[in-house]
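Enquirer: Sharing a structure with you now.
The values are calculated or read from the model by the stated rules, or taken from the named source; none is laboratory data. In this text, all values refer to a predicted model and were calculated from it rather than measured experimentally. Glycine gets a Cβ as well: all are built from the backbone with ideal geometry, and neighbour counts include every protein chain shown. Heavy atoms of the whole protein, side chains included, go into the accessibility calculation; ligands, DNA and RNA do not. Shrake-Rupley method; radii C 1.70, N 1.55, O 1.52, S 1.80 Å.
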Amino acid sequence: QVQLVESGGGLVQAGGSLRLSCTASMRIVGFNVMGWYRQGPGKQRELVATVTTTSTTNYADSVKGRFTISRDNAKSTVYLQMNSLKPEDTAVYYCNVRGAPATLYDYWGQGTQVTVSS
């Protein structure tokens, strides 16, 4: 079973930056999608950003221009650079890796807390 190990969460002031990292315990062969999702208190989990094996990206409208997702296939790692953070970005952020089609596999990290103070 693939495990996802996350790091980089924490407390930051509004306008600040954080960089999240997520590394898979095993190399994932073939086309796949890595991404970040977040869930605030009392809210549904929502997409933040995804990136494919070939570096095609997708972002939620709320983070476009502020967040950048990237990956290092050799290291089986996905990153989320978060700039210009806002209090509404406060949430638990979850790393995800899924196959194509997604029914092949769908792995989640344990989540890391990001708190943005005003």
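Enquirer: Somewhere in segment 37-46, is a residue open to solvent by 80 Å² or more (accessible area, probe 1.4 Å), in a strand (DSSP E or B), at pLDDT 95 or above and of a type in the set (S, T, N, Q)?
Expert: no
Enquirer: Here's another thing I want to ask about it. Determine which single condition Ala60 fails, assuming it passes every other condition in (1) at pLDDT below 95; (2) within 25 Å of Gly16 (Cα to Cα).
Expert: If we test Ala60 against (1) at pLDDT below 95; (2) within 25 Å of Gly16 (Cα to Cα), just (1) comes out false.
Enquirer: Considering Leu104, Leu80, which residue is in contact (Cβ under 8 Å) with a residue 12 or more places away in the chain, of a type outside the set (Val, Ile, Thr) and more than 14 Å from Gln3 (Cα to Cα)?
Expert: Leu80
Enquirer: Going by the conditions given, is Gly30 closer than 20 Å to Ser118 by Cα and either touching a Lys or Arg at 6+ places or on another chain (Cβ under 7 Å) or of a type in the set (Gly, Ala, Ser) (or both)?
Expert: When the stated conditions are applied, Gly30 does not pass them.
Enquirer: Same structure, new question: Can you work out which of the residues in segment 106-118 that are open to solvent by 20 Å² or more (accessible area, probe 1.4 Å) and under 13 Å from Gly15 (Cα atoms) is nearest to the chain's Cα centre (by Cα)?
Expert: It comes out as Thr115.
Enquirer: Quick one: which of Thr54, Thr103, Thr50, Thr68 is open to solvent by 60 Å² or more (accessible area, probe 1.4 Å), in a strand (DSSP E or B) and not small (Gly, Ala, Ser)?
Expert: Among Thr54, Thr103, Thr50, Thr68, only Thr68 is open to solvent by 60 Å² or more (accessible area, probe 1.4 Å), in a strand (DSSP E or B) and not small (Gly, Ala, Ser).
Enquirer: Now for a separate question. Given (1) open to solvent by 40 Å² or more (accessible area, probe 1.4 Å); (2) under 28 Å from Pro87 (Cα atoms); (3) among the charged types (D, E, K, R), identify the lone condition not met by Arg27.
Expert: (2)
Enquirer: Filter segment 80-96 for residues that are open to solvent by 40 Å² or more (accessible area, probe 1.4 Å) and not in a loop (DSSP other than H, G, I, E, B) and give the result.
Expert: Hits for segment 80-96 are Gln81, Pro87, Glu88.
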